[in-house]
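What follows draws every value from the coordinates through simple rules; no lab data is involved. Please read these numbers as outputs of a predicted model, since none were measured by experiment. Reconstructed Cβ throughout: ideal geometry from the backbone, glycine too, with neighbour counts over all protein chains shown.
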Amino acid sequence: MKGVIRITNQKYEITEIAHEKYPFLHRIRALRDIGKKVKAGELGGFVESERNLSFEVGDDAWIFDDAIACNDAYVDKGSSLFGESVACGNAYVSQNSALSGHARAEDDAYIRGAVLTDHARASGFAVIVYDQDTGGVPMLSGQSAVYGRVSGDVRLTDTALVISGEEIQNDT
């Protein structure tokens, strides 16, 4: 077709290496160096399809270790999944966010410039975002869970819970 530009994924390939428990997921392999952390040929975590991880030129988003991005979840703009973290459902993980340990972004969670570790969870219509003016980064750890909104320099630990409709903001 005249005038149609087809963009191909030159960042990573989806291998035949299936996840042991979820065989519809497959491990990725870098086709080129990605940022400073990933070298061409290195294996990454698991995806369901190319819809799960950005392959835009210049975007060093990556899925490491045994981390998973599946369903309609999308990881982009320098974000990373580590350990056994999961992005699933319609979750969006963006702007240098990092999930590690057993952290989860699920349902319709929107994560922008935040850090989730341990067993932290963003569920439902959770919104967890950094403060664009101050650069304050929300950090969730332990068994903390967010269903509402968290923004700015906020630390949630242990069993902290932010319910739907509730907002915690620190813009200092």
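The residue list 42, 84 contains one member that is more than 26 Å from residue 122 (Cβ to Cβ), among the acidic types (Asp, Glu) and free of Cβ contacts under 8 Å to residues at least 24 places away in the same chain, which is 42. Please verify whether residue 64 is out of contact with any His (no Cβ under 7 Å at 6 or more places or on another chain), more than 27 Å from residue 150 (Cβ to Cβ) and of a type in the set (Phe, Trp, Tyr), treating the condition exactly as stated. Taking the combined requirement at face value, the residue does not satisfy it. For the stretch 70-83, the criterion of being closer than 20 Å to residue 153 by Cβ and either touching a helix residue (DSSP H, G or I) at 6+ places or on another chain (Cβ under 7 Å) or among the charged types (D, E, K, R) (or both) is met by no residue. Can you tell me which residues in the stretch 73-128 are within 9 Å of the chain's Cα centre (by Cα) and of a type in the set (Gly, Ala, Ser)? Of everything in the stretch 73-128, those that are within 9 Å of the chain's Cα centre (by Cα) and of a type in the set (Gly, Ala, Ser) turn out to be 73, 79, 80, 85, 87, 91, 94, 97, 98, 105.
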